[in-house]
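For reference, the structure is listed below as structure tokens.
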Amino acid sequence: MRGSVPAPGEATRRYGGNTPCVEVRAGGRRIILDAGSGLRGLGEQLRDTDRPVSADILLSHYHYDHLQGLPFFAPLAEPQNRFVFHGPRREGRSVQDVLEGQMCPPYFPVTLDEVARAKLEFRSIAPGEAFEIGPVRITSTELDHPGGNLGYRLEYRNRTLVYATDVEHTEHPSEGLVELARGADVLLHDAMYTESEYEQRRGWGHSTWAGALATAEAARVKKLVLFHHDPERDDRALDAVLRRVQKRFPNTVAAREGLTLRLAARS
Ligand SMILES: [Zn+2]
Ligand SMILES: [Zn+2]
């Protein structure tokens with residue numbers, strides 16, 4: 001959804017102002033991609049389910065916009081729940097070190113340990129590593145972003161979703177990204193900038209919408225989801241970007257709050 005910082009307000013009401021958080025349900029498992037501010041609302045939905053909540057949370061990287069929902073994720077406080085956090089080692093620190101290190105005074109009034117009565121597990125992922133979450137197969141690759149960022153490919157019964165937020169390129173995606181996205185049913189891809197905006201922000205780690213399109217075409221994905229919208233892009237400007245992309249790649253949508261995509265089984 002929104003990149004870098006939440007952007008609530010009338011001008012962003014239709015697409016929404018929350019930072020990245022995507023829930024994937026497959027094979028009886030719940031997988032959550034990133035813990036941006038959207039995680040708070042997901043937590044409220046999950047709190048209304050009467051069963052214990054169990055989820056695997058895959059973190060792409062640890063910039064604030066991908067973590068800031070975690071302290072407000074209400075299901076963490078329930079002892080019957082269980083969460084497994086998966087993420088890369090960065091700056092010599094494990095995913096557990098990073099999460100505990102940002103949720104403590106003076107950044108936050110209480111520690112992760114004090115908040116979390118749920119059972120927590122932590123798993124460090126090496127870039128390129130493949131692993132399974134129940135029947136869902138996950139592969140990852142390192143993307144071009146300051147400090148690093150993992151893209152994830154999730155496969156379940158011939159259905160594939162690829163999550164490639166926070167990646168920088170214009171017309172020429174890396175081979176690793178194209179390989180990760182190859183033939184995916186759905187590709188969520190950074191589409192933060194227009195060409196002229198990108199000229200001012202080279203090296204900031206984000207793509208143009210044309211870059212997202214280039215990856216979708218090179219990898220022959222079926223559906224493209226524009227993701228990580230610039231916080232200054234209002235709904236009307238985002239509509240205009242979407243229309244331009246759809247001229248070349250009709251099966252494109254722009255991520256918005258509450259968007260649900262159903263991936264049909266393929267034979
Ligand atoms: Zn981001
Ligand atoms: Zn980032």
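Considering only the range 17-26, state which residues are more than 20 Å from Q80 (Cβ to Cβ) and either in a loop (DSSP other than H, G, I, E, B) or touching a Lys or Arg at 6+ places or on another chain (Cβ under 9 Å) (or both).
Across the range 17-26, the qualifying residues are G17, N18, T19, P20, C21, V24, A26.
I want to confirm something. Restricting to the range 154-175 and keeping residues that are open to solvent by 30 Å² or more (accessible area, probe 1.4 Å) and closer than 20 Å to R137 by Cβ, which single residue is nearest to ligand 2 (Cβ to nearest atom)?
E155
Can you name the residue in the range 228-239 that is under 21 Å from P146 (Cβ atoms) and touching a Ser or Thr at 6+ places or on another chain (Cβ under 7 Å) and is also least open to solvent (accessible area, probe 1.4 Å) among such residues?
Here the residue is H228.
List pairs: first residue in the range 240-267 and open to solvent by 100 Å² or more (accessible area, probe 1.4 Å), second residue charged (D, E, K, R) anywhere in the structure, Cβ distance under 7 angstrom, at least six positions apart or on different chains.
R256/R14
Can you find a residue that is of a type in the set (S, T, N, Q) and either surrounded by fewer than 16 Cβ atoms within 10 Å (Cβ to Cβ) or away from ligand 2 (no atom under 16 Å from the Cβ) (or both) anywhere in the range 101-109?
No, the range 101-109 contains no residue that is of a type in the set (S, T, N, Q) and either surrounded by fewer than 16 Cβ atoms within 10 Å (Cβ to Cβ) or away from ligand 2 (no atom under 16 Å from the Cβ) (or both).
Does H189 qualify as being assigned to a strand (DSSP E or B) and within 14 Å of ligand 1 (Cβ to nearest atom)?
It is true that H189 is assigned to a strand (DSSP E or B) and within 14 Å of ligand 1 (Cβ to nearest atom).
So how many residues does the range 127-156 have that are farther than 16 Å from Y62 by Cβ, part of a loop (DSSP other than H, G, I, E, B) and at pLDDT 95 or above?
Looking only at that region, the number is 3.
For the range 181-201, does any single residue satisfy the condition of being open to solvent by 40 Å² or more (accessible area, probe 1.4 Å), free of Cβ contacts under 8 Å to residues at least 24 places away in the same chain, within 16 Å of ligand 2 (Cβ to nearest atom) and not polar (S, T, N, Q)? Break it down into steps so the answer makes sense when it comes.
Quick first cut of the range 181-201, residues open to solvent by 40 Å² or more (accessible area, probe 1.4 Å) only: 182, 195-197, 199-201.
Keeping just the survivors that are free of Cβ contacts under 8 Å to residues at least 24 places away in the same chain gives 196, 199-201.
Among the residues that remain, those that are also within 16 Å of ligand 2 (Cβ to nearest atom) are: 201.
Among the residues that remain, those that are also not polar (S, T, N, Q) are: 201.
Within the range 181-201, one or more residues are open to solvent by 40 Å² or more (accessible area, probe 1.4 Å), free of Cβ contacts under 8 Å to residues at least 24 places away in the same chain, within 16 Å of ligand 2 (Cβ to nearest atom) and not polar (S, T, N, Q).
Filter the range 202-220 down to the residues that are closer than 15 Å to R182 by Cα and open to solvent by less than 10 Å² (accessible area, probe 1.4 Å) and list them by number.
Matches in the range 202-220: A212, L213, T215, A216, A219.
I'm trying to understand the selection: among the residues of the range 77-95, which are open to solvent by less than 70 Å² (accessible area, probe 1.4 Å) and closer than 30 Å to L180 by Cβ?
F83, V84, F85, H86, G87, P88, R90, G92, S94, V95
Based on this model, can you work out whether V225 counts as crowded, with 20+ Cβ neighbours inside 10 Å and out of contact with any Gly (no Cβ under 7 Å at 6 or more places or on another chain)?
Yes, satisfied.
Would you pick out the residues in the range 45-64 that are open to solvent by 10 Å² or more (accessible area, probe 1.4 Å) and within 16 Å of ligand 2 (Cβ to nearest atom)?
Of everything in the range 45-64, those that are open to solvent by 10 Å² or more (accessible area, probe 1.4 Å) and within 16 Å of ligand 2 (Cβ to nearest atom) turn out to be Y62, H63, Y64.
Do we have any residue at all in the range 87-95 that's of a type in the set (S, T, N, Q) and touching a Phe, Trp or Tyr at 6+ places or on another chain (Cβ under 9 Å)?
Let us first name the residues in the range 87-95 that are of a type in the set (S, T, N, Q), namely 94.
Subsequent filtering for residues that are touching a Phe, Trp or Tyr at 6+ places or on another chain (Cβ under 9 Å) retains 94.
There is at least one residue in the range 87-95 that is of a type in the set (S, T, N, Q) and touching a Phe, Trp or Tyr at 6+ places or on another chain (Cβ under 9 Å).
Condition test on A11, is it open to solvent by less than 40 Å² (accessible area, probe 1.4 Å) and not basic (K, R)?
no
Out of V221, V167, V253, V245, I need the residue that is in a strand (DSSP E or B) and either out of contact with any helix residue (DSSP H, G or I) (no Cβ under 8 Å at 6 or more places or on another chain) or modelled with pLDDT of 95 or more (or both). Which one?
V253
The values are calculated or read from the model by the stated rules, or taken from the named source; none is laboratory data. Bear in mind that the values here come from a model prediction, so they are computed numbers and not experimental data. No Cβ is skipped: glycine too gets one built from the backbone with ideal geometry, and neighbour counts run over all protein chains shown. Remember, those area values only see protein heavy atoms, side chains included, never the ligands or the DNA or RNA. Shrake-Rupley method; radii C 1.70, N 1.55, O 1.52, S 1.80 Å.
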